[in-house]
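A quick write-up on the structure given underneath.
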Amino acid sequence: MVRPDYAGGGFVNLIASVAAACGGTPRHPPLRDLPPGALAGARNLVLLIVDGLGDAYLRREGRGGALLAHRRGALTSVFPSTTASAITTSLTGWSPLEHGMTGWFTLFGEAGCVGAALPYLRRGERAPLGVRPPHLFRAPALTDGLARRSIVVTHRPIAGALYNVHHCGRAERRAYDTLAELVEQTVDAVTSGDEAKFIYVYWPEFDGLSHRHGNASPEVRAHFSEVDEAFAALLSRLAGSDTIVVATADHGFVDSEGADALDLADAPGLAALLRYPLCGEPRAVFCHVQEGRAGEFTARARDWLGERARVCPSAELVAEGWFGPGDAHPRLAERVGDVALLMHGRTTVKDWTPGEARHRLIGHHGGASDEEMIIPLIVGSA
């Protein structure tokens, strides 16, 4: 398993370098391979996050392309290696321990339910969480602490979402529908004035296709070529604008199918010991167990999973530093539950609640494999 690096070689450190280069006050050390001084001199700093683009995928599929040609190195994601945790880090500069976003599904005691923070919905109900974002999110927007004009360029379906609006703070928001429009909006943002600017750009479709078709699928390979061409076009269009473009990802992927894709209902007696549906991710599962029965649940889970997972108290992962350093979110213990299932190999564990469609994704993330945890550092100048 790959431990996340929060001391100078990880995603949180990249965000610290960006923040310091833009006149902010980072909470964590800068990235060793890209210190703030290497970025601060450019009039425009663009951070491009390609959701799901792991470093292993880039090195395997990127030969002859612009992304691999500008690869500076690699870094670790946060834990869990998933969008809810890592994108919140990118928008705040806080570690998961601090901001408290611990997976796609989270027990939000403030809302009295298990929910998904990014779409801001209760699990299985497709109903709003019912509380205002400041009740769930305590980290301020990164852009609000920068000494530069800040612009967020993101996908139109999420541009006005409660999660996104809250974490963008006072930054200007620009929406796009297609990859070509992402390039256009980014170029427009860079050239919209002579002042120093920070432009945060997010592309989600690589992640979506990897979930639906598998990271190793022809569909994802074809899309990666489009992303690579868009990156090359962006650098070309920005030539002479005094811009540095830093591209990376929030996590990578593993594909899990067939015997690797486990159903909690097939585990003898486990579901009956839970107080809530599974939280976290199918690759990093957080279990809220009935009072006084954590030992029984742990023993049953270890018998069922064997070498396919590390089964341990969730507090053990916190103590070992998996979620990062800092001042822990006051509800972190509630959100990570009693017992954690950290998957080995390509194993996933899934449950379903009433109202949820019984379908499985092929591509997954959230775990600690190198494919999921190691993300690229890509730097281009224009």
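The values are calculated or read from the model by the stated rules, or taken from the named source; none is laboratory data. Note that the structure is predicted; figures quoted are calculated from it, not measured. Because the Cβ atoms are built from the backbone with ideal geometry, glycine has one as well, and the counts that use them run over all protein chains shown. Calculation scope for accessible area: heavy atoms of the full protein, side chains included, ligands and nucleic acids excluded. Shrake-Rupley method; radii C 1.70, N 1.55, O 1.52, S 1.80 Å.
Just to be sure, is Ile374 open to solvent by 20 Å² or more (accessible area, probe 1.4 Å), under 30 Å from Pro29 (Cα atoms) and not polar (S, T, N, Q)?
It is true that Ile374 is open to solvent by 20 Å² or more (accessible area, probe 1.4 Å), under 30 Å from Pro29 (Cα atoms) and not polar (S, T, N, Q).
Would you check which residues across the range 233-251 are in a strand (DSSP E or B) and open to solvent by less than 10 Å² (accessible area, probe 1.4 Å) and list them?
Thr243, Val245, Val246, Ala247, Thr248
Which of the residues spanning the range 66-97 are open to solvent by less than 10 Å² (accessible area, probe 1.4 Å), of a type in the set (Val, Ile, Thr), within 20 Å of Ser17 (Cβ to Cβ) and not in a helix (DSSP H, G or I)?
Result: Val78, single match.
Counting just the residues of the range 14-36 that are part of a helix (DSSP H, G or I) and among the small types (Gly, Ala, Ser), which one comes out surrounded by the fewest Cβ atoms within 10 Å (Cβ to Cβ)?
Ala20
If you check Arg63, Arg59, which single one turns out to be over 30 Å from Ala147 (Cα atoms), part of a loop (DSSP other than H, G, I, E, B) and open to solvent by 70 Å² or more (accessible area, probe 1.4 Å)?
Criteria check complete, one pass: Arg63.
Just need a number here: residues in the range 165-178 that are under 19 Å from Phe206 (Cα atoms) and buried (at least 16 other Cβ atoms within 10 Å of the Cβ).
2
Got a sec? Which of Phe198, Phe206 is of a type in the set (Phe, Trp, Tyr), under 19 Å from Ala86 (Cβ atoms) and in a helix (DSSP H, G or I)?
Only one candidate qualifies: Phe206.
Looking only at the range 252-265, filter to residues that are assigned to a strand (DSSP E or B) and closer than 20 Å to Ala84 by Cα; which one of those is least open to solvent (accessible area, probe 1.4 Å)?
Val254
Return yes or no: is Thr92 at pLDDT 95 or above and touching a strand residue (DSSP E or B) at 6+ places or on another chain (Cβ under 7 Å)?
When the stated conditions are applied, Thr92 does not pass them.
If we only count strands (runs of 3 or more DSSP E) wholly inside the range 266-382, which ones have 3 or more residues that are more than 24 Å from Gly124 (Cβ to Cβ) and in contact with a helix residue (DSSP H, G or I) (Cβ under 9 Å, 6 or more places away or on another chain)?
It comes to 309-313, 374-381.
Identify the single condition in (1) more than 22 Å from Tyr6 (Cβ to Cβ); (2) without any contact (Cβ under 8 Å) to a residue 40 or more places away in the chain that Ala84 does not satisfy, given that it satisfies every other one.
(1)
Give the range 98-138 a look and list any residue that's aliphatic (A, V, I, L, M), under 16 Å from the mean Cα position of the chain (by Cα) and open to solvent by less than 10 Å² (accessible area, probe 1.4 Å), or say none.
Within the range 98-138, Met101, Ala116, Ala117 meet the criteria.
With respect to Gly280, is the statement that it is crowded, with 18+ Cβ neighbours inside 10 Å and at positive phi true?
For Gly280, the condition - crowded, with 18+ Cβ neighbours inside 10 Å and at positive phi - is met.
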